[in-house]
Every structure is written in structure tokens, then in C-alpha cells.
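Working notes for the structure below.
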Amino acid sequence: MTSWICVTCGTQFAPSDRPPAECPICQDERQYIGLHGQRWTTLEELQRSHDNVFRLLEPGLIGIGTTPAFAIGQRALLVRTAEGNLLWDCISLLDRTTVELVRALGGIQAIAISHPHFYASMVEWAHAFDAPVHVHAADSRWVLRPDAALSFWEGDTRELLGGLTVIRTGGHFEGGTVLHWPQGADGAGALLSGDLIMVVPDRRHVSFMYSYPNLIPLGPERVRRVVAAVAPYRFDRIYGAWWERVVERDGKACVERSAARYLAAIGG
Ligand SMILES: [Zn+2]
Ligand SMILES: [Zn+2]
């Protein structure tokens, strides 16, 4: 039995003898089937062909990403708090080096994932570090490797360790969430936003799409809901899902400015 991993989105599936017939996440209109059709790999293959790299992004925040880039290419974020470490979002590759290094940093006490595109190998990480994975219940139908480590939560917010709060924004995915890290940005606060609030290449704006690869915008009501969900929180910096996608400062004004521009563009 093998837990196959979809090459296009990086999602690991429940163990089976043969590769699954299809990947529901890639068949969804927010994703796509790769140019060469549905392809599969395994964790063992990835461990032979890829490595993880670690970058200290600011005190208390370490990015973990895979090189060469794999699938959607996001990097995960290890947030270190006085009460332990939380892994925000996930990547497909977990190897012995990563386990050893992260254990030396104190391990992982909790995992929280923004939305199904970054579920990746979350169950492998949960088992390796004996950590629960917090996933919003509204997206439970996208979980392709069910496991006792998954903790489905409902409602608008969930407080985790060390002052961290997961905030449900909806939008790109109904159960989509972002993480508020009050100690981030030298105490000014940071938002770890996955692609629910997408940091765009100018790093001065964000965007809000139903599908990024297929360029399907979000309607005005949903955009307003995303903005309202993060409005009560203090933050100056926004970490998107990729290495270079970071709004360094003035994050709060950036979200408001970007939403106004977006709503004007779609006539909302
Ligand atoms: Zn897929
Ligand atoms: Zn996404």
C-alpha cells in the first residue's frame, strides 16, 4: 500500500495498492490537470529527488520549502512561540533531515492549514511530530487522507497556542483560514495568509480570487467578508504562501487599499 501524491497539487492520498483514478482537488475548477495528464509520485521518490531548505524570515519564524520546487511550490512556516511551535500550512516532502532539524527546534505542537491546496502531506507531518492538524470543517470533503490527527473546527476563529489565532476568511475556499501572529513584525503583528489573501508580485497589494491559475475572480460579497474577518486584528506584515510574497509593512492599509481597487475593478 502506498500513499500516492498528486504531482500537480502535491496532495497525499490515503494508502492504496494502485494510484487513485483521479485527483478531486485538481479536477475542481480552481485547479487544473497538468499538461502531461494526471501523474503521481510517492514520498520515497520525493525524498530521493528533492530537499527541503530552511530560512529564518524574522525572529521566531522559519520558512520550510522544497527545492527544486514541487507542485504548487508553497513554503510552510514554522512559528515559534513561548508555548511551542506551530506549523502553518504544509509541504509534500518530509524527510529525515527535516524531522531531525525541526525536532532540534522543539518539534511541532500544532499544525494549522489554510485550505485544501496546502493540505500536502499533512498527515505525515502530524505523525512524525505527534501534532494535531487544525482544518476548518467547511472544507472537510477535500480531505483525501482521513486520519485521527485531523481536528476539524467550526465557527469563525480558533485560538491555538502562544496567542496564535486561526481566522476563517472564506473566499477562495469556503473553509479558508489565515493565521494571526501577534508577536510578528517586531510585535506589530503579522498575518500568515496562504493565498486566501494573496500577496501579489509588487508586494504592496494583495488579491482575492476564487481561482488563481484559472483567473476566476471572487464576487464583492465574498471579498468584503474576507476583509471584515481580519479587520479586528492588529498586523503590519503579511506572509503569503511563497518565499518572495511578503508585504513587509503597512499590511493593514494594504488589505484595505487592495480591496477597494479590486471592488472598483469588478464593478462591485
Ligand atoms: Zn492534484
Ligand atoms: Zn489555493
> So G63 fits all but one of (1) closer than 21 Å to I238 by Cβ; (2) surrounded by fewer than 15 Cβ atoms within 10 Å (Cβ to Cβ); what number is the exception?
Replying inline: (2)
> Can you tell which of I113, I72, I91 is open to solvent by 20 Å² or more (accessible area, probe 1.4 Å) and within 16 Å of ligand 2 (Cβ to nearest atom)?
Replying inline: I72
> Applying the selection to the stretch 94-107, what residues are touching a strand residue (DSSP E or B) at 6+ places or on another chain (Cβ under 8 Å), surrounded by fewer than 22 Cβ atoms within 10 Å (Cβ to Cβ) and free of Cβ contacts under 8 Å to residues at least 40 places away in the same chain?
Replying inline: G106, G107
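Yes/no matrix, rows are residues, columns are (1) closer than 24 Å to D130 by Cα; (2) in contact with a helix residue (DSSP H, G or I) (Cβ under 6 Å, 6 or more places away or on another chain):
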{"site": "L35", "(1), (2)": "no, no"}
{"site": "T42", "(1), (2)": "yes, no"}
{"site": "L61", "(1), (2)": "yes, no"}
{"site": "F70", "(1), (2)": "no, no"}
{"site": "A76", "(1), (2)": "yes, no"}
{"site": "E100", "(1), (2)": "yes, no"}
{"site": "P116", "(1), (2)": "yes, yes"}
>> Can you say whether A120 is within 27 Å of C23 (Cα to Cα), open to solvent by 10 Å² or more (accessible area, probe 1.4 Å) and among the small types (G, A, S), as far as the supplied structure shows?
In response: no
> For the subset of the stretch 127-140 comprising residues that are assigned to a helix (DSSP H, G or I) and closer than 19 Å to R225 by Cα, which member is most open to solvent (accessible area, probe 1.4 Å)?
Replying inline: A138
> For E83, all conditions in the list (1) of a type in the set (D, E, K, R); (2) open to solvent by 50 Å² or more (accessible area, probe 1.4 Å); (3) within 14 Å of ligand 1 (Cβ to nearest atom) hold save one; what is the number of the exception?
Replying inline: (3)
> From the set of residues in the stretch 3-19 that are over 15 Å from D147 (Cα atoms) and without any contact (Cβ under 8 Å) to a residue 60 or more places away in the chain, which is farthest from ligand 2 (Cβ to nearest atom)?
Replying inline: D17
> Quick one: would you say L78 is more than 14 Å from ligand 1 (Cβ to nearest atom), in contact (Cβ under 8 Å) with a residue 12 or more places away in the chain, out of contact with any strand residue (DSSP E or B) (no Cβ under 6 Å at 6 or more places or on another chain) and not polar (S, T, N, Q)?
Replying inline: no
>> I'm trying to understand the selection: among the residues of the stretch 137-194, which are of a type in the set (G, A, S), touching a residue at least 60 places away in the same chain (Cβ under 8 Å), within 16 Å of ligand 2 (Cβ to nearest atom) and at negative phi?
In response: G175, G176, S193
> Of the conditions (1) under 24 Å from Q31 (Cβ atoms); (2) polar (S, T, N, Q); (3) surrounded by fewer than 22 Cβ atoms within 10 Å (Cβ to Cβ), S258 fails just one. Which one is it?
Replying inline: (3)
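The values are calculated or read from the model by the stated rules, or taken from the named source; none is laboratory data. These numbers were taken from a predicted model, which means no experiment stands behind them. Note: ideal-geometry Cβ built from the backbone for every residue, glycine included; neighbour counts use all protein chains shown. Protein only, heavy atoms only, side chains kept; ligands, DNA and RNA dropped before computing areas. Shrake-Rupley method; radii C 1.70, N 1.55, O 1.52, S 1.80 Å.
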